[in-house]
Amino acid sequence: MSVVTAAARVNGCMTRNMGNEKELPLDSMEMKGILAYYDWLAEGSKKDEAMEGTGLQSLNYQTEKPMLPTGKKSINKHVPAVTATKRSV
């Protein structure tokens, strides 16, 4: 696992999703503002410990192939609102 700085994470978002594929300069007012906001969000948390409610639960992937007819019946039975919406689209 590699360590990534908060500034690198911000610039990852800027280059992929926002900011017209341009990184923010590390010493820019915008970058300093975003990092200050992160610091404010982290107030009261312990350094180097995950905050409660963050992260992802580990997933147990199926090793068997899905049984599509059985899955379709189960979805139609347990999620009628979703399947009704999909049919009308």
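The values are calculated or read from the model by the stated rules, or taken from the named source; none is laboratory data. Fair warning: this is a prediction, and the values are worked out from it, not measured in the lab. So basically every Cβ, Gly included, is an ideal-geometry build from the backbone, and we count neighbours across all protein chains shown.
Taken over segment 44-70, residues that are more than 24 Å from residue 6 (Cα to Cα) and among the hydrophobic types (A, V, I, L, M, F, W, C) amount to 3. For segment 1-32, the set of residues classified as outside any helix (DSSP H, G or I) and either hydroxyl-bearing (Ser, Thr, Tyr) or free of Cβ contacts under 8 Å to residues at least 12 places away in the same chain (or both) consists of 1, 2, 3, 4, 5, 17, 18, 22, 25, 27, 28, listed by residue number. Hey, could you check segment 1-22 for residues that are modelled with pLDDT under 90 and of a type in the set (A, V, I, L, M) and say which is surrounded by the fewest Cβ atoms within 10 Å (Cβ to Cβ)? Filtering segment 1-22 for residues that are modelled with pLDDT under 90 and of a type in the set (A, V, I, L, M), the one surrounded by the fewest Cβ atoms within 10 Å (Cβ to Cβ) comes out as 1. Against the list (1) at pLDDT below 75; (2) over 18 Å from the mean Cα position of the chain (by Cα); (3) not in a helix (DSSP H, G or I), the condition residue 82 fails is (3). Taking segment 23-57 as the range and being of a type in the set (A, V, I, L, M, F, W, C) and modelled with pLDDT of 80 or more as the test, the residues that pass are 24, 26, 29, 31, 34, 35, 36, 40, 41, 42. Here is a check on your reading of the model: is residue 60 at pLDDT 75 or above, among the polar types (S, T, N, Q) and not in a loop (DSSP other than H, G, I, E, B)? No.
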